[in-house]
Structures are given as structure tokens and as C-alpha cells.
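This report concerns only the one structure given below.
The values are calculated or read from the model by the stated rules, or taken from the named source; none is laboratory data. If you're wondering where the values come from, they're calculated on a predicted model, not measured in any experiment. Virtual Cβ from ideal backbone geometry, glycine too; neighbours counted across all protein chains shown. With ligands, DNA and RNA removed, areas are computed over all heavy atoms of the protein, side chains included. Shrake-Rupley method; radii C 1.70, N 1.55, O 1.52, S 1.80 Å.
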Amino acid sequence: MATELLYGRNAVRESLRARRRVFHRLYVSQSVQESGIIAEIINLAQQAGVPVERIERQTLDRRLRDANHQGVMLEAGPYPYVELDTCLNTAAERREAALLLLLDHLQDPQNIGTLLRTAEAVGCHGVVIPGRRAAEITPAVVNASSGAVEHLRVAMVTNLNQTIEELQRAGIWVAGLEQDEQAQDIDAVDLDLPLALVIGAEGTGIARLVRERCDFLVRLPTVGQVGSLNAAIAGSIAIYHAWRQRHRPVTD
């Protein structure tokens, strides 16, 4: 059976809290005190019936190739991807207009983790990633998201273009985030609607065919000397902006 080694205190804690994976064993460094978040992690593991083993820190360093594990490692099953319908059903169950995040071939785990953390914070109903030429939900991504991805519904699809067409047939508007003269300023666009926001890869942006299938493009206006923000920051601002439009105060 395939296993993954999750690491980092927040990542391990949130995985245990979410209980969406199969857990095999929790490893805790002998050098850390059993207090605070470490005590919480051990308690969560015990509640889930997960064996807890104390090992030398050097053993953790060796098994995790010197990753910043913070003294904990969780041996778990693979990430539990879902079908696209599960994301849409999540929105329906909450009686909310769908809010989805589509990642077009992002590869940097830190950028992906940042976007996933923001998506979870604003209650995104799902995240869609392509199955080729993109980073999967690896332990590095889980750690970069501070464990937020463990609470998200993530669908891995074969063809992002076909997925966009499927979403459009379901009544969802697809917006691409691009710093482009054809894009509209995000403040001028009504995003309080069933929405899927596409974020392109760092540097290359959204792929041409994906871009052509978007219903419209939006951009973040800037006034500085640097023409654009990186994918994680821009995408986080945009998805938060869409969420804020849905929760703006009602005025007379």
C-alpha cells in the first residue's frame, strides 16, 4: 500500500483533524517537549487509534531528507482526491453559489500551498488541478499550505479544457486571472456569481486554449514599477476578492 510521510506540526495536526486519510504511525522526535501543539498532535493520533513512536531527530532528518519537519512525521495513505461532482455537490449542500479554484499547471509547491491555504480560508468548494505537468498534492504542498489542503476537496482532472466546458454547462462562470490589456480590472467585475477562477503558472500564465475557454479575464491593477505579482499572491488576492464580494454589507 502506498504511503506518504507528512511533516511539519501544522500539516500533521490538520491531517489528523481532517481524518480523510488512512493513518499508519506518528513519529515524534525525542528532543521535543510533549506540550502545546505537540501534545495536541499526540492526543489527536491517540483518538484516531494511530500508534505513536518516539525516535531520534537524526532519524527524522534522514527519512525526510532534512525537510523542516519540526520534530513530527506522520506516515499516512495517499491524498484523497475527489471527483469534480463532489466539489459542485459541496456548494449545493451549503446552499451557496459555487466558488472553485482552477490551477493551470502550477508546479512550485510553495505557490500551490499558499493558494490552497487561501482557498480553504475563504471556504472554496473545491480546487481543480490537471493531472499532467503540474504538482500533485505532495507532502511538500501539504506543509506549504499549513495543512489547509487536508480540509479541501481537490479534483485531479485529465483535461482542464474539458473540465471548464463541463463547469460552464453546469452554469458556472469561468474567469481567468491575467495581467493583460484584454482583461478587466477586478474591481469593475461582478464576481458574486457561480465562479471558477483560473490561475496560470508562474511566468507563462494561463495556457492559450484554457484562456480562450474562459468567459472573461480579470487583472489586478497595480501602480508600482513591478508589472505583476507572483501567481500565489495574485491568485490569493483574487479569490479573496471574490469571496468578499459575496459577503459585502447590505446597504439601503
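Each peptide in 214-223, 140-149, 189-198 was scored by the mean count of other Cβ atoms within 10 Å over its residues; highest first, the order is 140-149, 189-198, 214-223. Distance distribution note for segment 8-53: the fraction of Cα pairs above 13 angstrom is 49%. Evaluating 6.51 cos²θ - 1.76 cosθ + 1.60 at θ = phi - 60° for every residue in segment 19-32, the Karplus couplings come out as 6, 9, 9, 8, 10, 10, 6, 9, 10, 10, 5, 5, 8, 9 Hz, glycine and proline recorded as x. Once the Cβ-Cβ distance of Tyr240 and Ala18 is raised to the sixth power relative to R0 = 25 Å, the FRET efficiency obtained is 0.65. Measuring between their Cα centroids, segment 24-97 and segment 191-240 lie 32 Å from each other. How large is log10 of I(q)/I(0) for the chain at q = 0.12, 0.17 Å⁻¹ when the intensity is taken from the Debye formula with one equal scatterer per alpha-carbon? At q = 0.12, 0.17 Å⁻¹ the computed log10 ratios are -0.73, -1.19.
The angle between the Cα long axis of helix 9-18 and the longest principal axis of the Cα atoms of the chain comes to about 80 degrees, rounded to the nearest 10. Distant-in-sequence amide contacts of His24, defined by a placed amide H-H separation under 5 Å and a gap of 5 or more residues or a different chain, comprise Glu75, Ala76, Gly77. Rounded to whole numbers, the Karplus 3J(HN,Hα) couplings from phi for segment 60-73 are 5, 4, 5, 5, 9, 6, 6, 5, 6, 7, 6, x, 9, 8 Hz, using 6.51 cos²θ - 1.76 cosθ + 1.60 with θ = phi - 60°, and x at Gly and Pro. Derived scalar couplings between HN and Hα for segment 186-192 equal 4, 5, 8, 10, 7, 9, 7 Hz in order, rounded to whole Hz, by the Karplus curve 6.51 cos²θ - 1.76 cosθ + 1.60 (θ = phi - 60°), x for Gly and Pro.
Computed over the alpha-carbon atoms, segment 102-252 gives an Rg to Rh ratio of 0.94, Rh here being the Kirkwood radius from the mean inverse distance. Each helix, a run of at least 4 DSSP H residues, gives -39500 (n - 2.57); summed and divided by the residues of the chain, these come to -10500 deg cm²/dmol at 222 nm. The P(r) of segment 1-140 has a tail past 20 Å containing 53 percent of all C-alpha pairs.
For Glu83, nonlocal amide neighbours, meaning residues 5 or more places apart or on other chains whose placed amide H falls under 5 Å from its own, do not occur.
Keeping the other protein chains in place, figure out the carbon and sulfur percent of the accessible area of the chain, with a 1.4 Å probe. Here carbon and sulfur together make up 44 percent of the probe-accessible area. Between the Cα long axis of helix 109-121 and the first principal axis of the chain there is an angle of about 80°, rounded to the nearest 10.
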